[in-house]
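The values are calculated or read from the model by the stated rules, or taken from the named source; none is laboratory data. For clarity, every value in this text was computed on a predicted model and none was experimentally measured. Methodologically, a virtual Cβ is constructed for each residue, glycine included, from the backbone with ideal geometry; neighbour enumeration extends over all protein chains shown.
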Amino acid sequence: MADLHGGGDVNHPKVLAEYQEIEEALRFEREEAINSYRQLAAPRMFKRVILGMSIQMWSQLCGMNVMMYYVVCEYYSFHLLTATIYILKSFIFLATFNFRSPK
């Protein structure tokens, strides 16, 4: 961080502020950590758990994983270069992700 934000000075105010922010975030995460499955069913977490499960369910039902796996095989059959395959795969992923995302 010192090289990135403080020109190598570890006592630069921006470096110290960022370090303090990281320490506070870690402390907060330790204090608020979920240690059991029972806590996942608590009212404040239940909506988040259901949302995550719903997103995963719809990803599977849309066939995204299967498509992203087999699309590479299809591109190899077209004799495309590896870099081109990954670029096309990225565009397909972005297009399907944007299609599934609520507007």
Here is a list: 34, 22. Which entry is out of contact with any His (no Cβ under 9 Å at 6 or more places or on another chain), at negative phi and either part of a loop (DSSP other than H, G, I, E, B) or exposed (fewer than 10 other Cβ atoms within 10 Å of the Cβ) (or both)?
34
Return yes or no: is residue 67 over 30 Å from residue 32 (Cβ atoms) and either in a helix (DSSP H, G or I) or at pLDDT below 75 (or both)?
yes
Would a scan of segment 4-11 turn up a residue that is exposed (fewer than 11 other Cβ atoms within 10 Å of the Cβ) and either assigned to a helix (DSSP H, G or I) or within 22 Å of the chain's Cα centre (by Cα) (or both)?
yes
Can you confirm whether residue 29 is assigned to a helix (DSSP H, G or I), without any contact (Cβ under 8 Å) to a residue 24 or more places away in the chain and either in contact with a Gly (Cβ under 7 Å, 6 or more places away or on another chain) or surrounded by 10 or more Cβ atoms within 10 Å (Cβ to Cβ) (or both)?
no
Those residues of segment 1-34 which are of a type in the set (Val, Ile, Thr) and under 30 Å from residue 46 (Cα atoms), in sequence order:
22, 34
Could you grab the pairs with beta carbons closer than 7 Å, sequence gap of 6+ or different chains, first residue in segment 77-88 and within 15 Å of residue 67 (Cα to Cα), second one of a type outside the set (Phe, Trp, Tyr)?
85/72
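Every residue, every condition in (1) touching a Phe, Trp or Tyr at 6+ places or on another chain (Cβ under 6 Å); (2) within 30 Å of residue 1 (Cβ to Cβ); (3) of a type in the set (Ser, Thr, Tyr), yes or no:
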| position | (1), (2), (3) |
| --- | --- |
| 34 | no, yes, no |
| 39 | no, no, no |
| 51 | no, no, no |
| 73 | no, no, no |
| 85 | yes, no, no |
Please enumerate the residues belonging to segment 41-74 that are farther than 30 Å from residue 85 by Cα and of a type in the set (Val, Ile, Thr).
49, 50
